[in-house]
Amino acid sequence: ALAAGAEGVGLLRTEFLFQERSTPPDEEEQYTIYRHVAQQMGDRPLVIRTLDIGGDKPAPYLPLPHETNPFLGWRAIRVSLALRGFFLTQLRALLRAAEHGNIHILLPMVSTVGEVQQVQALLNLAAASLAEEGQPHRRDLPLGIMVEAPSAVQLVDQLAPLVDFFSIGTNDLTQYTFAADRTNERVAALADALHPAILRQIDGVLRVAHAHGRWCGLCGELAGDADAIPILLGLGLDEFSMAPARIPVAKQLINHLAMPVVRRLAQRALNAADGAAVRQLVAGLVR
Ligand code: PEP
Ligand code: MG
């Protein structure tokens, strides 16, 4: 990522540490890996997302039942809050690693205010136990949530006082908005993240987040999409998180865009008929 020009990490998915093995990583293993990445990144922000498992992402050592609707089921923060000891291990590892870099914690699939309050309580518990053991750690690291459930979009004003930042997850938000499973090819065309139905939600989240003094990034695939970047910039997005391979093109594009132009473009995109019409507007700009 650094070689490609990254100025931070917008989404470190910790699933990679937990999948394809027969036992979960313990606190020491997690701490070592988080610390290693934090040290590599130096002062640059490193956003580490807590475990987003369940749904379509299995782990043999967890009691994850087969579900008919895995994307609407027991996944992500819901699993973490139910398996408290398991989650506390990850939080302790993160608070310890935060001593070595600019770590931000990001919570996946938040759908209620109560979930964030529970995490805050668990963070206090993790910090208290580390303090008691004399383990160096930081409790004051930034906490953010992913906005990927439509309920979170509606609750940004209530969530803002509890968090330091937001990151919009358009991969999931799109499938939930259009009620179109992101893994089902038959409905893939419906789930268009550049559709005004999604852009209007991004616009709303940014307005409310900014009104509360919170920054807001986007870590779905959309942030690395050259058609989307001018619009996201025009809407006022603060942080673009993408696969490393997309960074050089995205940076070059952003360097060539003028804010007044993309602001106008974004306003027109909000009122376009569909995703195809949005792409046409962007094509016009690029020409
Ligand atoms: C998203 O839903 O946009 C996201 C970034 O999370 P994931 O793709 O890991 O579900
Ligand atoms: Mg997601």
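The values are calculated or read from the model by the stated rules, or taken from the named source; none is laboratory data. Bear in mind the structure is a predicted one, so any value in this text is a computation, not a measurement. As a convention, Cβ positions derive from the backbone with ideal geometry for all residues, glycine included, and neighbour counts pool all protein chains shown. Heads up: the accessible areas ignore ligands, DNA and RNA and are worked out on the full protein's heavy atoms, side chains in. Shrake-Rupley method; radii C 1.70, N 1.55, O 1.52, S 1.80 Å.
The stretch 1-24 and the stretch 25-41 have Cα centres spaced 11 Å apart. Evaluated with a Cβ-only charge set (Lys, Arg +1; Asp, Glu -1), the stretch 112-157 carries a dipole of roughly 80 debye about its Cα centre, given to the nearest 20.
Against the chain, whose longest principal axis comes from its Cα atoms, helix 84-97 is set at around 80 degrees. Of ILE229, ILE254, the order by accessible heavy-atom surface (1.4 Å probe, DNA, RNA and ligands excluded), from most exposed downward, is ILE254, ILE229. About its Cα centre, what dipole magnitude does the stretch 124-236 give when the only charges are +1 on Lys and Arg Cβ and -1 on Asp and Glu Cβ, stated in debye to the nearest 20? So the magnitude is around 240 debye.
The magnitude of the dipole of the chain, with charges of +1 and -1 set on the Cβ of Lys/Arg and Asp/Glu and taken from the Cα centre, is near 680 debye. Below 8 Å, C-alpha to C-alpha, sequence gap of six or more: please give me the relative contact order for the stretch 1-150 in percent. Over the stretch 1-150, the number comes to 25 percent.
Positive end of the charge dipole of the stretch 1-110 (Lys, Arg +1 and Asp, Glu -1 on Cβ, about the Cα centre): tell me which of TYR34, TRP74, LEU62 has its Cα farthest that way. It is TRP74, whose Cα lies furthest towards the positive end. Considering only ALA266, GLY8, LEU194, the residue lying farthest towards the positive end of the dipole of the chain is ALA266, judged by Cα position with unit charges set on Cβ.
Taking Lys and Arg as +1 and Asp and Glu as -1, the other residues whose beta-carbon sits under 14 Å from that of ARG44 total -3.
The relative contact order of the stretch 128-210, computed from alpha carbon pairs under 8 Å that lie at least 6 residues apart in sequence, is 27 percent.
Using C-alpha pairs below 8 Å separated by at least 6 residues, the relative contact order for the stretch 53-92 is 38 percent.
A straight line joining the Cα centroids of the stretch 172-202 and the stretch 64-101 runs 25 Å.
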